[in-house]
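This report refers to the structure that appears directly beneath it.
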Amino acid sequence: MAGETPDTQQPRIIGRTLRLPSNQRQVFDQIFHSGGGYVLDFSDRTMSEWFEENFGINIFQERFQIEGSSKGKTLRGFVSVAEPRLVAQVLRALWAYRNTLDGYTDDDPKKETRLHDWLKQFTAELESSSTLRFDESFTDFSADTTLAKLRASIAADLIAEKPDVALDRVHTYCVKRFRHLLSRHGQSTDARTPLDALFGAYGRILRDSRDVSEFALPTLRMQHKLFDGLNQARNKRSLAHDNELLDLSEAQYVIECVVASLAFIERLEARRASEGGDRGIATQGSPV
């Protein structure tokens, strides 16, 4: 970017409390011609169609209209509240669309380059700011040929803010993960064993080997109910069967709890591996 030297770093674009602070909004509006309520050459109808066809997004939903209902205000609202990685994907696609239009690129090549550099930095900062720490929870834990596709599918749905669609595959991942963990700890599993029972067996291993302290153990016991809830949601409110999908906010809540639990388990396993932890077989008894 203009003015950058090897010994200096460009100031961040995203503000402390706002993704698009007022001193950066002017540049954003220059790129997408979104001042005055407009966005590029879109009408309300064509903008709605573009977002739906390219990303499956209802762009004019109320949560994006925090500034107002015009096209420009709706787009800036989307940038402000949607999943940051999704926003980055959309803005890159909008830039590509902009470049197919006559009269929307800058006549000055140097200014056009600066605008593009600004957008590249902004989208990179958006991706870095995402709280969706997917790789910390969903790991590439085996050579199972379906695992990579499963993880990619889950990631795509979570980035696209479709946790209700992701529920079934998150459940499948958890079943695979706990069966793999139990196998590593010397326990065989039955294909018919439900997810909550798989977690219960794994929890007993952690309890008996004392890998979880007395302070974390009560919370770990509660996770048995979490995985039972995921099991029920998968069977009755997911695409696993001909079901009505779980409410979006409830699906998001379930996914967030599962993601946090999986991340904790991965940290435990990493610690056990580094310390050469006990791989003993769990005793029978109540969950965890």
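The values are calculated or read from the model by the stated rules, or taken from the named source; none is laboratory data. Bear in mind that the values here come from a model prediction, so they are computed numbers and not experimental data. Here the Cβ positions follow ideal geometry from the backbone for every residue, glycine too, while neighbour counts run over all protein chains shown. Keep in mind that these areas ignore ligands, DNA and RNA; they rest on the heavy atoms of the full protein, side chains included. Shrake-Rupley method; radii C 1.70, N 1.55, O 1.52, S 1.80 Å.
In the set 37, 77, which member is open to solvent by less than 30 Å² (accessible area, probe 1.4 Å), farther than 21 Å from residue 112 by Cα and either within 26 Å of the chain's Cα centre (by Cα) or not small (Gly, Ala, Ser) (or both)?
77
Which one is farthest from residue 224 (Cα to Cα), of the residues in region 151-187 that are touching a Leu at 6+ places or on another chain (Cβ under 8 Å) and outside any helix (DSSP H, G or I)? Break it down into steps so the answer makes sense when it comes.
First pass over region 151-187, keeping only residues touching a Leu at 6+ places or on another chain (Cβ under 8 Å): 158-161, 163-179, 182.
Then keep just the ones that are outside any helix (DSSP H, G or I); that gives 160-161.
Numbers: 160: 28, 161: 26 Å.
Checking each candidate, the answer is 160.
Check residue 193 against each of (1) assigned to a helix (DSSP H, G or I); (2) surrounded by 14 or more Cβ atoms within 10 Å (Cβ to Cβ); (3) of a type in the set (S, T, N, Q) and name the one condition it does not meet.
Answer for residue 193: the failing condition is (1).
Which of the numbered conditions does residue 70 fail, given that it passes all the others? Conditions: (1) more than 29 Å from residue 158 (Cβ to Cβ); (2) of a type in the set (S, T, N, Q); (3) open to solvent by 40 Å² or more (accessible area, probe 1.4 Å).
Evaluating residue 70 over (1) more than 29 Å from residue 158 (Cβ to Cβ); (2) of a type in the set (S, T, N, Q); (3) open to solvent by 40 Å² or more (accessible area, probe 1.4 Å) leaves (3) as the failure.
List the pairs whose first member sits in region 199-226 and is free of Cβ contacts under 8 Å to residues at least 40 places away in the same chain, whose second member is open to solvent by 20 Å² or more (accessible area, probe 1.4 Å) and of a type in the set (D, E, K, R), and whose Cβ atoms are under 9 Å apart, counting only residues at least 6 apart or on separate chains?
Once the first residue is free of Cβ contacts under 8 Å to residues at least 40 places away in the same chain and sits in region 199-226, its partners that are open to solvent by 20 Å² or more (accessible area, probe 1.4 Å) and of a type in the set (D, E, K, R) give 210/278; 225/196; 226/196.
Does region 170-196 hold any residues that are hydrophobic (A, V, I, L, M, F, W, C) and within 28 Å of the chain's Cα centre (by Cα), and which are they? Steps first, answer last, please.
To start, the set of residues in region 170-196 that are hydrophobic (A, V, I, L, M, F, W, C) comprises 170, 174-175, 178, 181-182, 191, 195.
If the condition is that a residue be hydrophobic (A, V, I, L, M, F, W, C) and within 28 Å of the chain's Cα centre (by Cα), then 170, 174, 175, 178, 181, 182, 195 are the ones that fit.
Filtering region 250-286 down to residues that are hydroxyl-bearing (Ser, Thr, Tyr) and open to solvent by 20 Å² or more (accessible area, probe 1.4 Å), which residue is modelled with the highest pLDDT?
My answer is 253.
Restricting to region 239-249, give me the number of residues that are surrounded by 15 or more Cβ atoms within 10 Å (Cβ to Cβ) and touching a residue at least 12 places away in the same chain (Cβ under 8 Å).
Here is the first cut: in region 239-249, the residues surrounded by 15 or more Cβ atoms within 10 Å (Cβ to Cβ) are 240, 243, 245-246.
The next check asks that each one be touching a residue at least 12 places away in the same chain (Cβ under 8 Å); those that pass are 240, 245-246.
Within region 239-249, residues that are surrounded by 15 or more Cβ atoms within 10 Å (Cβ to Cβ) and touching a residue at least 12 places away in the same chain (Cβ under 8 Å) number 3.
Please note which helices (runs of 4 or more DSSP H) are completely contained in region 40-145 and include at least 2 residues that are closer than 30 Å to residue 174 by Cα and of a type in the set (Asp, Glu). Steps first, answer last, please.
Values: elements: 44-55, 71-81, 84-98, 109-129, 134-137.
Output list reads 134-137.
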